[in-house]
Amino acid sequence: MQIRPLIATDHTAWLTLWQDYCQFYHSALSGEVNATLWQRLLDEASPINGLIALADDGQPLGFCHTVCHPHTWSARNVCYLEDLFVSPTARRMGVASQLIAALREQGQRDNWYRIYWITNTNNAAARAVYDKLATRSDHVRYEIALA
């Protein structure tokens, strides 16, 4: 398996995985939103980045999107793992763990303060992986939706 940053030629594979991810969360995003995200993922000046996991034959297995940003409690940046998805055909192959490991290596190279993420409380499969890789915090998330 290879894990690397997304590049322009990954668009079709990424979009298929991205749409499957959105469907998993019962969401359908407009073409404009998808196109904007793709441009942000490729823009080196954007704080939004992505990694893709590929099988040895080039088949896409999964991806993650991150947002790195300053932090009020440290002089170092933190990284929010916003999206992580593994194709249903590639699950239980360690793809999610390897994506997070690659992200951890990047964070160590770039001197991040921490990597953090959230998931749904009922996402038992993801939580089983995350519980092996990270410490669950006691924080509760609140949201204000803005139209």
**OP:** May I ask you to list pairs of residues, at least six apart or on different chains, whose Cβ atoms are under 9 Å apart, with the first in the stretch 122-147 being over 26 Å from V86 (Cα atoms) and the second being at pLDDT below 80 and outside any helix (DSSP H, G or I)?
**Re:** none
Original post:
Any residue at all in the stretch 116-123 that is surrounded by 15 or more Cβ atoms within 10 Å (Cβ to Cβ) and more than 22 Å from F24 (Cβ to Cβ)?
Top reply: no
Original post:
P60 fails exactly one of the following numbered conditions: (1) in contact with a helix residue (DSSP H, G or I) (Cβ under 6 Å, 6 or more places away or on another chain); (2) modelled with pLDDT under 95. What is the number of that condition?
Top reply: (2)
**OP:** Exactly one condition in (1) modelled with pLDDT of 95 or more; (2) over 16 Å from the mean Cα position of the chain (by Cα) is not met by R92; state its number.
**Re:** (1)
Original post:
What strands (runs of 3 or more DSSP E) completely inside the stretch 25-94 contain at least 2 residues that are among the charged types (D, E, K, R)?
Top reply: 74-86
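The values are calculated or read from the model by the stated rules, or taken from the named source; none is laboratory data. None of the values given here were measured: they were computed from a predicted structure. All Cβ positions, glycine included, derive from the backbone under ideal geometry; neighbour counts span all protein chains shown.
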